[in-house]
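Remarks on the structure that follows.
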Amino acid sequence: MTQTLTDNSLARAAPNAGHIDGLRAALNKALRGKADVVERVLACLLARGHLLLEDLPGLGKTTLAKAVAVAVGGRFSRVQCTPDLLPGDITGYSVFNQKTREFEFLPGPVFSDVLLADEINRTTPRTQSALLEAMAERQVTVDNVRHTLTPTFFVIATQNPVEHHGTYPLPEAQLDRFAMKLSVGYPERDDELGLLAAAVGHVADMPGHEAMLAEGQLAALQERIARIAVAQNVQAYLVDLGRATRAHPKVTLGLSPRGMLIWQRVAQAWAFLKDRPFVTPDDVQEIAGPVLGARLGIAPGAAGSVIDQLMESVAVPV
Amino acid sequence: MAPEFSSMVRRATFVLLALATVAVEIAASDGRAVLQSVGLAAAWVAVAACVGWFVPPPDDPRRKPPLWVLLLLLAMAAASFAVEPMRRDWTGDGHPLELQMVCGLRNVGLGLAACAGWVLCLRLACVVSLFLILFAAAMTNHPVVMVVLGLYTATGSVWLMLAYWAGLRSDFVAADKAVAIEVEAGGERVPWLGLSFLVLALGGAVALVVIGPKRAVLSLGEWLPTSGGTGEIDPFARYGIGDGPEETAGENAKAAGMVETDRVIEDNRKSLIDAVNDTYGPPHKPPKNQEKMIAAGQAKVIENHGKLPDNRRPSRDFDTARQGPQDAKRPGSQKARGLFEVQGRTPLHVRVVVYESYDAVEKKWIEARKPGDRLFDAEGGDWMKLGHFNDAGWYLGDERHKLKAADMKSNLVPTPAMVTRLRINKVDRPEYYEWDYEGVLALAGRNRTPPGVVVTTDCRTLDPRRLPEAAFGTSGGAPPALTEVPDAIRPAIERIAREWAGDEPRGWPQVSAILTKLRTQYTLDRNAAASADHPVPVLWFLTTSRRGPDYLFATAAAILLRSLDYPARVCLGYYASPDAYDPETAHTPVKSSDLHFWPEVRLRDRHWLVVEPTPGYDVLGPSLPLSERILNTLTTVAAWAWRHVIELSVLLFSLVAAWFYRRELIDALAVRIWVWFPGRTWRDQVRGAVAILERRGHWAGKARPRRQTVLSWLRAALAMPTHTDEDLDQLTRMAEWAAYAPDAPPPWSADEVLAVCHRVLGSWTLRRWQDANPTPALGA
């Protein structure tokens, strides 16, 4: 279809379609049998959102994060969140340089392109909140000095949904900063067989080492995503859905306007990934689960049915 | 759990309905013993309890009640109307229609309470109970109703507490006991068809009221017997001022009306009743041409100052009793619409002149002789017994009419045929009457029957089809004049009579054959007349012209019947036509232009049977019971249907075929409209085509759920992977663009859009939709 769309923005993005395919292939290679997860991660990345991965250990969360960092050609940092982790351990801190007789700022792991905050719910709320400014405004302030992060700063946080002892559940304010909450899930049997077969002969994991995007290309793609058209009736549909979340009896915390903006942006990215220059209600629905799952106050296990009810309650525009 | 799911709330609701039922029963007849009312209410409540016992609890109280609940409620509502005739028959007591309707609503409320397992029924039951208790409180101030009202209030408070408590239980229910309520896919369907009918019915009624003919508007009011005019008078109706079939006689009337009352207004005109008040004031001077009057006796005379309004029209608007907000209001005069007004069933034949002998030479009928002094007996209450009908067995019950003089030109007392007794208010002696002819009564000693005189008559009815042969007289027992046929025309008349009715058995079949021949093969033409030199006009009518005025119809019928040895005569009189019935006043005015000729056949008991050979005129039949009327109607309809069996068969077949193929027809029509008017823009064209596809999918049982876009719906409904049907695939993309794409030129030409839509509409027919395998909806 892109070859025929000569008069719209996607046509101008056509030369970069190979980059998207390359990104997709690299991530699929790193995380086998999870094409749908990879697609959503891509949407989140292109929408300039942050990702919360909630799943059991050993399902490839870190692998995925590393693969993303490598594929986008940026720097990768990892923070293993523990109860004794301090905010400065994430943002960085100032030390006194005896030679220069001045304080020097030592940047923390947030000064990277992709940050993996592993088991984020194990660290204290104080440290969790240190990430707030970084995630929302892509900057940190240390000793009253503001330090700007890279424009493509992307946080992948993970948390274990089973073990709750000694954890600090993320507050709603923090959850609302994430664009999506995803579960990787176990791979299929064939994929696991392939995984085992690929590991034979290799001493360690062989992450991809080839960057798929040159510097600045991710930002360019993100700008292009922002220009994907959203018709008024689709925006009205989004607003109606958002308002429905606030009226649903089983939702204790409805969708915020910021959440609605993120939902629209992710839908734009989703449409872009489908080579479509405009958003349809199908896009809105298909990414509703991970977007709403991150921010709606819903009882555990009820998210699926509640989101289904929300979709049923609002008629799509046709 | 909704508050209403609590069984305690359901029981409280039933108690509310029971209390409301008691209150309504007492309010409906507050003069009755309270225990009797409570007993009746208890009976209805017991019926509802029995019904509730058999009603199974619903699986899901939130769902709509099944159809049988509606039927049950309708049956409960109808029970009130079904019980009423029995109640009237057995107890002699009854309810007016409006109270029957309230009782019907009460039964519906009890039925709803019996089906209170459904939330909708329970809520409606509460609303109905509230209406009923308020109705009862507004209707009466009976102390027991006040007590019941207090009990209702207390029970209502308990109901509220129970509902609140049940609500709390639902809020704080343990998580493991929580019930997940799944929302139905597809949502609630709007009943467009029902709504359309409702809008059409309401709009039609409003249009009828606003711009329709007045008669049609008034006929709407006749659905309620209490509004009068149907000929049915409900003895238990509660008439108010300005309502009902009668004018109201007032305590201090300001005008004379067509009422029968003990109070009479002082009037110097030539009224029938002498009610001059000469207690005070100047002495009464009788007019020069004083006519015979009836002394008012002990009647109360209402003094009249000034000119009395001249009311010569029956009207429910014109009442003589109103002393409402404008006490000084004086009713205006109303001109007469005719000679007299008839209240009661029509058609009605009122004799004026009776003819017996036919003069063939002069070509005219000769009036019958005046009867002797044979008068009649006075009964009580001003009633006069006229006809002495033996118990012949072919007569049915009496039927009452009121004939109200408006502007009579003579002293005629208008009476229908076969009158058995009559009454004029305060005319209590037979000497006040005289016979003009046999069956034609007049007021003795008067030149005119004054306006406002109401003649109440009871006339016997019969069904001529049931008359035995022995009922008809012969020339042997009748005066010769009634059977004579002029010799000059006898052979021709006898030949025609034999030809028409010779094969029929004697009696009504023969008479009916003559009448039917005249009614069906001859034409009423008031201007047709034989030339003056024609020797026998009736033969000209029968053999040559076959058209003529009613005079010739009556003459021909009478002569033909006489030739078959039936004593017959001809009458001139007034015909009260049903077409002239005025629903506003519920009367039929009879004008001087309603003069009509008709023949009569003498029965063996010397009474005269009115027959009608003139097309367009009918004879009053017996008042049949409802079942017989329905049977007659069905018989008539069946006969008509048999006569038009081919046309009806074709029509029925067409209707059945149209119904069977209704979807194909509607679809073809929609496609044709789309082809003719596809839309101005390419987006409209695509939307129109998609709408047709959607309708086909809906009819094929694959309606698009409200959460699905056209693309996802088509792919799911047709179980079709992408790119297997190029045209459909393209149309879905076009539909996406039409619905959600920005205002940029589409990647298709206008011709391509139309061509794709055409091809898809042509290939994805309704039949193909129906044949496609259903698959679960996307996302469901």
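Some points to look at:
Here is a yes/no grid of residues against (1) of a type outside the set (Val, Ile, Thr); (2) touching a Phe, Trp or Tyr at 6+ places or on another chain (Cβ under 8 Å); (3) without any contact (Cβ under 8 Å) to a residue 40 or more places away in the chain:
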site	(1), (2), (3)
A:Leu149	yes, yes, yes
A:Pro169	yes, no, no
A:Val184	no, no, no
A:Gln217	yes, no, no
A:Ile228	no, yes, no
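- Considering residues of the stretch A:130-155 that are among the charged types (D, E, K, R) and not in a loop (DSSP other than H, G, I, E, B) only, the residue surrounded by the fewest Cβ atoms within 10 Å (Cβ to Cβ): A:Arg146
- Unique match (being more than 36 Å from the chain's Cα centre (by Cα) and of a type in the set (Gly, Ala, Ser)) among B:Ala478, B:Ala406: B:Ala478
- Among the criteria (1) touching a residue at least 40 places away in the same chain (Cβ under 8 Å); (2) within 14 Å of chain A (Cβ to nearest Cβ); (3) of a type in the set (Lys, Arg), the one B:Arg696 does not fulfil is (2).
- With respect to the conditions (1) surrounded by fewer than 19 Cβ atoms within 10 Å (Cβ to Cβ); (2) under 22 Å from B:Gly338 (Cα atoms); (3) among the hydrophobic types (A, V, I, L, M, F, W, C), B:Trp598 falls short on a single one, namely (1).
- Residue list for the stretch B:63-108, restricted to those being of a type in the set (Lys, Arg), part of a helix (DSSP H, G or I) and touching a Leu at 6+ places or on another chain (Cβ under 9 Å): B:Arg106
- Enumeration of residues in the stretch A:260-274 that are under 23 Å from A:Gln174 (Cα atoms), in contact (Cβ under 8 Å) with a residue 12 or more places away in the chain and more than 14 Å from chain B (Cβ to nearest Cβ): A:Met260, A:Ile262, A:Trp263, A:Arg265, A:Val266, A:Ala269
- Selection count where residues are at pLDDT 90 or above and either on the phi > 0 side of the Ramachandran plot or not assigned by TED's automatic domain parsing to the domain that holds A:Ala130 (or both), scope the stretch A:61-119: 1
Residue by residue, here is whether (1) at pLDDT below 90; (2) within 14 Å of another protein chain (Cβ to nearest Cβ); (3) assigned to a helix (DSSP H, G or I) holds:
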residue: B:Ser649; (1), (2), (3): no, no, yes
residue: B:Ser654; (1), (2), (3): no, no, yes
residue: B:Ala658; (1), (2), (3): no, no, yes
residue: B:Arg680; (1), (2), (3): yes, no, no
residue: B:Thr732; (1), (2), (3): yes, yes, yes
residue: B:Asp743; (1), (2), (3): yes, yes, no
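- Screening the stretch B:544-588 for residues that are part of a loop (DSSP other than H, G, I, E, B) and aliphatic (A, V, I, L, M) and picking the one that is farthest from B:Thr614 (Cα to Cα) gives B:Ala586.
- Neighbours by Cβ (under 7 Å, 6+ apart or cross-chain): first from the stretch A:275-299, within 11 Å of chain B (Cβ to nearest Cβ) and closer than 24 Å to A:Gln232 by Cβ; second crowded, with 21+ Cβ neighbours inside 10 Å and of a type in the set (D, E, K, R): none
- Residue selected from the stretch A:208-259 under the condition under 21 Å from the mean Cα position of the chain (by Cα) and within 14 Å of another protein chain (Cβ to nearest Cβ), by the criterion farthest from A:Ala17 (Cα to Cα): A:Leu238
- Tally of residues being more than 32 Å from the chain's Cα centre (by Cα), surrounded by fewer than 20 Cβ atoms within 10 Å (Cβ to Cβ) and in contact (Cβ under 8 Å) with a residue 24 or more places away in the chain across the stretch B:57-80: 6
- When A:Val70 is tested against (1) touching a Lys or Arg at 6+ places or on another chain (Cβ under 9 Å); (2) buried (at least 19 other Cβ atoms within 10 Å of the Cβ), just one condition goes unmet, and that condition is (1).
- Residue ID - modelled with the lowest pLDDT, chosen from residues in the stretch B:341-362 that are out of contact with any Leu (no Cβ under 9 Å at 6 or more places or on another chain) and within 18 Å of B:Ala568 (Cβ to Cβ): B:Ala360
- Listed by first and then second residue, the pairs linking a residue in the stretch B:425-452 that is more than 28 Å from B:Ala255 (Cβ to Cβ) and among the hydroxyl-bearing types (Ser, Thr, Tyr) to a residue that is modelled with pLDDT under 90 and not in a strand (DSSP E or B), with Cβ atoms under 6 Å apart and 6 or more places separating them unless they lie on different chains, are B:Tyr437/B:Ala368.
The values are calculated or read from the model by the stated rules, or taken from the named source; none is laboratory data. Model, not experiment: these values are computed from the prediction. Glycine gets a Cβ as well: all are built from the backbone with ideal geometry, and neighbour counts include every protein chain shown.
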